[in-house]
Amino acid sequence: MLNPISLAFKKAKSEKRPALVTYTVAGDSSKKQSLEILKSISNYADILEVGVPHNTPVADGGQIQTSAYRAIKNGIKMNDIFQIVRDYKKNKNSKPIIFMGYYNMIYQYGKNNFIKNCKKSGVNGLIIVDLPWPENKIFSKHCKKNSINFIQLLSPTTSNKRLKMITKDSHDMIYYISMLSTTGGKLKVSPKKILSNYNEIKKISPKKNCVIGFGITEKTISNFKKTDGLVVGSQICREITRSLNNGQNPVINVSKMVSRLRKKIS
Amino acid sequence: MRLKKGIPVIDQGDKLGFWGGKFGGNFVPETLKKPIEDLEIQFNKLKNDKNFIKERDKYFRNWIGVPTRLIKLNNLTKKVGGAQIWSKVVSDANGGAHKIYNATVHCLLAKRSGKKVIIGDTGAGYAGKMLSMAAKKFGLRCKIFMGAKDIKRQQPNVKAMKKNGADVIPVYSGSQTLVDAVSECMRYWVANCDTTAMCVGSTVGPAIFVRICGWSTSQISRELKVQLLNEFGNIPKKVKLYNCVGGGSSSFGFWNEFMDYDKKQVEFIGVEAGGPAKSKRHAAPLTYGSKIGILHGAAQYVNQNSDGQIEETESISAGLDYPGISPLHCFLKDTKRARYTAASDEEALKAYQIVTKYENLRPSLEPSHAFSVAIKDAKKLSKDTIVIINSCGDAYKDRGILEKKLGKKYVKSN
């Protein structure tokens, strides 16, 4: 049987569109609200990345940092994040959940304990920004044993030789970082160039579902219709900040935004 | 865990860059893997290249002005009445602190790899000031990331950086100190690593930066060894080397050449920043038993909460105000080669007053932490013990803080 992440890609493919992957930070701006956001965007998104906020992130741009600091300030803890996922997964319409975060949070929780709790609460995949290959070899194997997808990252600086080794060790899904940037940067490379790199990866590893992230927004997303999946994060985080600043409900605004994103790639 | 003899400590890490199997490493985003690997290849080759070493030594000699003095503090020795107290006046170096060695080496490497821009982090402002000086010297554009709180409290160094033509970029996230400056600098590198070289200001960060910095500051102990031989004819039977430890670059450099000596002969004492006496927010992860965690790409002892969020620190000295510590020092602690303790803000200030009262020497607040412990220890030690404190920074940058804490008159008079 296919795992839920692969199923989500399969479903999108059958509808001849890329899978829409969203990123929101757990606990932004509160536990309850972040859960409400996950529920409401499930109508349009195929896979939900849940950011595990960390206070010394080395790859996040301003928007995601703002969301993460807001969540930490409001007291979010690792166990609350697992609880959010548990509550979310009670929904009929629930989608696969991927945690995205930094390794220290896992290290402090205890690797085995962390994986055990992921499994128990219904987390389907992990992206650990600062645990690259080959450092992640043992950990990713451990994830696979527990049916959790360890998602390897690839970037424009990844050499072909390295790319082959990484994809060989990857599970069903891989993540291509579109450009040299922190999250939320403006797309500084042409979509054509990004797609050509993407196609290189697909040539080497045709069976893996490859998503593109970084710089994907309402403006740019329609350039990438012929891919397996696309990740939108910073723009959603910015929408939460904007809504809060204007005294509006972030749940409604984010939900509308994700619906628009979905339309653009359908 | 064991320290090997005959192999430089910077080269004792394993294939993945871990010292003692668990400190250091490369916890970095995929994007940085390639530039880090490039830098590793370049450094591993050049550190054994005679021409490169000649070039380094030329700039160290003619531009930095090595060797810095080793002086006996006669008045202080008399006043304390115990061990002989000496100081290695590293603040003699061009720019006024040890950060110049690492900055110079990074600029030489950047130049050779054809990079046009160099970026760096800074806490006390020394690393930034030195990088801006070296960048100017070698014709590189320079950007310095500095916490907004540190910009306020270290104005003389900020002015110097700007004068050297560097962009000083204030960092407003988190505690607005060194920890956030390093994060922001790494983020900038993630986005610009194709055109830009990064200099990490201390023996912290991904393993290669720890190694380059340690290799550069080791100049201090190379000189010290020669100076001790000239002074005493041999390495004395009882030597104690006191150094403040923030990230750990000056202390590592001050000790490196003596690594293989028995610690009964040459003892290393690292002094961390204990923060205000009544505060619990110290910057002393080794002294107060912080847990191992990952910060800025390396596994190390680091102040953090049970969830793994890095905790804010508090210290009068911006240069020591860092929640983590070099993997090299974690390794030296666990192999018991060095011992670590802390001095509070108040103790450091008191030591500054004592030193400036008796000697023509003005250690900045960072080495004042080391002086505090050394003076206390020296009282109890025999006359044939040689206590040496690395005075690795000059107090000029601390004028504002010293005036506030001790009064204008006090600061003006010395």
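The values are calculated or read from the model by the stated rules, or taken from the named source; none is laboratory data. Source: prediction; values computed, not measured. Please note: Cβ atoms are built from the backbone with ideal geometry, for glycine as well, and neighbour counts cover all protein chains shown. Note: accessible area is taken over every heavy atom of the protein model, side chains too, but ligands, DNA and RNA are not part of it. Shrake-Rupley method; radii C 1.70, N 1.55, O 1.52, S 1.80 Å.
If we count every other residue with Cβ under 13 angstrom of A:P132's Cβ, Lys/Arg +1 and Asp/Glu -1, where does the sum land? Walk me through the numbers on the way to the answer.
Details: positive: A:K137, A:R162, B:K33, B:K34; negative: A:D130, A:E135, A:D169, B:E30, B:E37.
Result for the neighbourhood of A:P132: -1.
Using r as the Cβ-Cβ distance of A:N79 and B:K15, and R0 as 30 Å, what FRET efficiency do you calculate, to the nearest 0.05? Could you put the intermediate results ahead of the total?
Numbers: r = 36 Å, r/R0 = 1.19.
Plugging the Cβ-Cβ distance into 1/(1 + (r/R0)^6) gives 0.25.
Non-local amide H neighbours of B:K291 (under 5 Å, H modeled in plane, Pro and chain starts lacking H): which ones?
Here the answer is B:V302, B:Q304, since their amide H atoms fall under 5 Å of that of B:K291.
Tell me the net charge near B:T177. Cut-off is 10 Å between Cβ atoms, B:T177 excluded, with +1 for each Lys or Arg and -1 for each Asp or Glu.
Values: positive: B:K149, B:R153; negative: B:D150, B:D180, B:E312, B:E314, B:D321.
Counting the neighbours of B:T177, the net charge comes to -3.
Roughly speaking, to the nearest percent, how much of segment A:14-257's 1.4 Å accessible area is carbon and sulfur?
Values: 4870 of 9670 Å².
Whole-percent figure for carbon plus sulfur exposure: 50.
If the cut-off is a Cα-Cα distance under 20 Å, which aspartates and glutamates reach A:K186, setting aside same-chain residues fewer than 8 apart in sequence?
A:D60, A:E218, A:E239, B:E30, B:E184, B:D194
Quick check on chain B: helices-only [θ] at 222 nm, where DSSP H runs of length 4 and up contribute -39,500 (n - 2.57) each and the sum goes over total residues. Nearest 500, please.
Details: 16 runs with 172 residues, N = 414.
The helix-only estimate for chain B comes to -12500 deg cm²/dmol at 222 nm.
In chain B, what % of DSSP beta bridges are antiparallel (nearest 5)?
30
Taking the Cβ of A:K10 as the centre, find all other residues whose Cβ is under 14 Å away and add up their charges (Lys, Arg: +1; Asp, Glu: -1).
Cβ neighbours under 14 Å give a net charge of +3.
Need one word for segment B:243-363: rounded, prolate or oblate. Basis is the Cα gyration tensor (sqrt eigenvalues a ≥ b ≥ c); a/c below 1.5 gives rounded, then a/b vs b/c decides. Kindly include the intermediate steps, with their values, before the conclusion.
Details: a/c = 2.16, a/b = 1.12, b/c = 1.92.
Note, shape of segment B:243-363 comes out oblate.
If you take the square roots of the eigenvalues of the alpha-carbon gyration tensor of chain B and sort them as a ≥ b ≥ c, do you get rounded (a/c under 1.5), prolate (a/b over b/c) or oblate? Intermediate results must be reported in sequence, preceding the final value.
Working: a/c = 1.36, a/b = 1.24, b/c = 1.10.
Judged from the Cα gyration tensor, chain B comes out rounded (a/c under 1.5).
Scanning chain B for helices, which whole DSSP H stretches are 18 Å or more long along the axis (Cα) and average 0.0 or more by Kyte-Doolittle?
Long hydrophobic helices here: B:99-112, B:178-192.
Given the whole protein assembly as supplied and a 1.4 Å probe, what does the accessible area of A:I216 come to in Å², nearest 10?
Accessible area, nearest 10 Å²: 10 Å².
Which whole-number percent gives the relative contact order of chain A, counting Cα pairs below 8 Å spaced six or more residues apart? Don't skip to the end; give the middle numbers.
Working: 477 pairs, mean separation 63.7, N = 266.
Averaging sequence separation for qualifying contacts and normalising by length gives 24 percent for chain A.
Work out the charge dipole of segment B:149-220 with +1 on the Cβ of Lys and Arg and -1 on the Cβ of Asp and Glu about the Cα centre, then indicate which of B:A181, B:A160, B:S216 is farthest towards its positive end.
B:A160
Quick check on chain A: helices-only [θ] at 222 nm, where DSSP H runs of length 4 and up contribute -39,500 (n - 2.57) each and the sum goes over total residues. Nearest 500, please.
On the way: 11 runs with 124 residues, N = 266.
Counting only the DSSP helices, I get -14000 deg cm²/dmol.
Can you list the HN-Hα couplings for segment A:250-260, worked out from phi with the Karplus curve (6.51, -1.76, 1.60; θ = phi - 60°), rounded to whole Hz and with x for Gly and Pro?
Result, ordered by residue: x, 4, 5, 5, 5, 4, 4, 4, 5, 5, 5 Hz.
So what J values fall out for segment A:18-27 if you push phi through Karplus, 6.51 cos²θ - 1.76 cosθ + 1.60 with θ = phi - 60°, rounded to Hz, Gly and Pro as x?
x, 6, 9, 10, 9, 10, 9, 8, 4, x
What fraction of the DSSP beta bridges in the protein assembly as shown is antiparallel, stated in percent and rounded to the nearest 5?
Numbers: 15 of 81 bridges.
Percentage antiparallel, nearest 5: 20.
Using modelled backbone amide H atoms (1.01 Å from N, in-plane), which distant-in-sequence or interchain residues come within less than 5 Å of A:N149's amide H?
A:G125, A:L126
When the dipole is taken about the Cα centre of the protein assembly as shown, and only Lys, Arg (+1) and Asp, Glu (-1) are charged at their Cβ, what size is it in debye, to the nearest 20?
Working: 112 positive and 55 negative charges, 226 e Å.
Dipole about the Cα centre, nearest 20: 1080 debye.
Could the peptides B:374-384, B:94-104, B:52-62 be put in order, highest first, of the mean number of other beta-carbon atoms found within 10 Å of their residues? Please list the in-between numbers first.
On the way: B:374-384: 16.2, B:94-104: 27.9, B:52-62: 14.5.
The densest-packed peptide leads the list: B:94-104, B:374-384, B:52-62.
Can you sort A:K256, B:K163, A:K161, A:K95 by solvent-accessible area, 1.4 Å probe, largest first?
Numbers: A:K256 115, B:K163 175, A:K161 155, A:K95 40 Å².
Correct descending sequence by accessible area is B:K163, A:K161, A:K256, A:K95.
Anything over 29 Å Cα to Cα? Flag those among A:K116/A:K168; B:K50/B:K263; B:K136/B:K336; A:K119/B:K15; A:K95/A:K145, in the order listed. Each step should come with its number before you reach the end.
On the way: A:K116/A:K168 25 Å; B:K50/B:K263 32 Å; B:K136/B:K336 41 Å; A:K119/B:K15 32 Å; A:K95/A:K145 21 Å.
From A:K116/A:K168; B:K50/B:K263; B:K136/B:K336; A:K119/B:K15; A:K95/A:K145, over 29 Å: B:K50/B:K263; B:K136/B:K336; A:K119/B:K15.
How far is it, in nm, from the label point at B:N51 to the one at B:I292 when both lie 7 Å from their Cα along the line to the Cβ?
Using points 7 Å along Cα→Cβ, the separation is 4.2 nm.
Can you give me the long-range amide H partners of B:F145? Hydrogens built in the peptide plane at 1.01 Å from N, cutoff under 5 Å, separation of 5 or more residues or another chain.
The list, which skips near neighbours in sequence, is B:G120, B:D121, B:T122, B:I169.
Can you give me the solvent accessible area of B:D394 with a 1.4 Å probe, rounded to the nearest 10 Å²?
40
Which aspartates and glutamates, on any chain, are close to B:K280 with Cα under 15 Å apart, when same-chain ones fewer than 8 places away are left out?
Partners found: B:E272, B:E311, B:E312, B:E314, B:D321, B:D345, B:E346.
Counting partner chain Cβ atoms within 10 Å of every residue's Cβ in A:150-156, what's the average?
Numbers: counts 0, 0, 1, 4, 2, 8, 4.
What the average comes to for A:150-156 is 3.
What's the FRET efficiency of A:L2 with A:S196 using the Cβ-Cβ distance as r and R₀ = 25 Å, to the nearest 0.05?
Working: r = 29 Å, r/R0 = 1.17.
With R0 = 25 Å, the Cβ-Cβ based efficiency is 0.30.
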